[in-house]
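Peer 1: Got a structure for you, written out below as structure tokens; questions coming shortly.
The values are calculated or read from the model by the stated rules, or taken from the named source; none is laboratory data. Quantities reported herein were computed from a predicted structural model and do not represent experimental measurements. Every residue, glycine as well, gets a Cβ built from its backbone with ideal geometry; the counts of neighbours run over all protein chains shown.
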Amino acid sequence: MLPLIYINNERGGMMLKLQNLSKTYGKGSVKAVDNVSLEIRPGEIFGFLGPNGAGKTTTIKMIVGLLKPDSGKIYLDNIDVWENPMEAKSRISFVPDTPEVYDKLKGIEYLNFIADIYGIPKDIRQERIEKYLDIFELRNAVGDIIGSYSHGMKQKLVLISALIHDPKLFILDEPMVGLDPKSSFHLKEIMRERCNEGKIVFFSTHVLEVAEKLCDRIAIINKGKIVALGTMDELRRYSEEKESLENIFLELTANE
């Protein structure tokens with residue numbers, strides 16, 4: 001089948017499309033992701049929710065190029081992520097649930113290293129680094145060795161590094177873990193600002209209250225399959241428990 005061309009919407013942004021995506025482990029005995037298809041639009045904060053082991057992180061790793069799908073296609077900005085990985089990755093930033101950073105570097109050295117990878121000019125990187133150091137209150141620590149940072153400080157550093165090249169697709173897997181309330185508030189503001197610019201935020205979390213308030217649309221994955229997809233109003237149609245996302249989630253992911 002020929003790849004389809006996905007037309008951007010009137011906001012002029014790009015689109016993320018997952019088409020019949022599957023991934024198995026254990027020589028095919030465990031289907032982690034089972035024929036998942038999603039279309040994420042420009043200007044959306046898209047919530048990706050599910051219980052542990054549902055296939056969230058596997059799906060994210062396939063999108064960002066860390067894990068090859070068994071079958072299916074991923075398109076970003078009309079680019080096949082696996083056929084043109086460098087072109088696709090230049091548009092993506094990924095903040096994993098347990099970020100790994102170089103503990104022997106200073107914070108500022110790490111940020112400049114990431115900026116070098118993306119070829120960010122020195123004047124632009126300086127402006128962006130200073131902006132986000134102030135927002136996340138990390139300026140006083142950026143000259144210190146990363147190995148001396150707390151978990152929350154490392155999380156802030158990774159968030160700053162992910163924003164330096166102004167990605168079109170910002171993917172976050174449990175980004176609030178370890179952040180203080182003020183930093184969490186600022187991160188949510190940044191996520192919304194990016195979407196207001198026509199970019200995409202793809203956001204996985206177990207904090208359902210945050211997802212309910214923040215996300216424009218939500219997909220719930222369970223046992224590798226999408227069991228619900230839509231706005232909060234649309235999700236209520238899938239469930240008898242219509243009061244909150246938490247109730248809907250628990251009903252749709254209950255053990256059979």
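Peer 1: Just the residues that are exposed (fewer than 15 other Cβ atoms within 10 Å of the Cβ) and either modelled with pLDDT of 95 or more or not small (Gly, Ala, Ser) (or both), please, taken from the range 45-69.
Peer 2: Asn52, Leu66, Lys68
Peer 1: Does the range 184-195 include one or more residues that are in contact with an Asp or Glu (Cβ under 7 Å, 6 or more places away or on another chain), within 22 Å of Asp77 (Cβ to Cβ) and assigned to a helix (DSSP H, G or I)?
Peer 2: Yes, the conditions are met somewhere in the range 184-195.
Peer 1: How many of the residues in the range 66-81 are assigned to a loop (DSSP other than H, G, I, E, B), over 13 Å from Leu21 (Cα atoms) and of a type outside the set (S, T, N, Q)?
Peer 2: Kept after step one, since they are assigned to a loop (DSSP other than H, G, I, E, B), are these residues of the range 66-81: 66-70, 77-78, 81.
Retained after the next criterion (residues that are over 13 Å from Leu21 (Cα atoms)): 66, 77-78.
Checking the rest, the ones that are also of a type outside the set (S, T, N, Q) come to 66, 77.
Total meeting the criteria: 2.
Peer 1: Kindly provide the set of residues from the range 162-217 that are in contact (Cβ under 8 Å) with a residue 60 or more places away in the chain and polar (S, T, N, Q), ordered by number.
Peer 2: Asn196, Ser204, Thr205
Peer 1: Let me ask something additional. Any idea which of Ala228, Ala254, Ala211 is more than 23 Å from Tyr110 (Cβ to Cβ), of a type outside the set (S, T, N, Q), part of a strand (DSSP E or B) and at pLDDT below 95?
Peer 2: Within the list Ala228, Ala254, Ala211, the selection yields Ala228.
Peer 1: If Ala88 passes every condition in (1) assigned to a loop (DSSP other than H, G, I, E, B); (2) within 22 Å of the chain's Cα centre (by Cα) but one, which one does it miss?
Peer 2: That leaves (1) as the condition not met.
Peer 1: Kindly provide the set of residues from the range 220-234 that are loosely packed, with under 15 Cβ neighbours inside 10 Å and either closer than 9 Å to Val33 by Cα or of a type in the set (Val, Ile, Thr) (or both), ordered by number.
Peer 2: Thr231 - this is the single residue of the range 220-234 that is loosely packed, with under 15 Cβ neighbours inside 10 Å and either closer than 9 Å to Val33 by Cα or of a type in the set (Val, Ile, Thr) (or both).
Peer 1: For the range 108-142, give me each residue that is outside any helix (DSSP H, G or I) and of a type in the set (Val, Ile, Thr).
Peer 2: Ile120, Val142
Peer 1: Got a number for residues in the range 143-181 being over 16 Å from Tyr110 (Cβ atoms), in a loop (DSSP other than H, G, I, E, B) and acidic (Asp, Glu)?
Peer 2: Qualifying residue count, the range 143-181: 3.
Peer 1: I'd like the full set of residues that are of a type outside the set (A, V, I, L, M), part of a strand (DSSP E or B) and buried (at least 19 other Cβ atoms within 10 Å of the Cβ), limited to the range 91-107.
Peer 2: Ser93, Phe94
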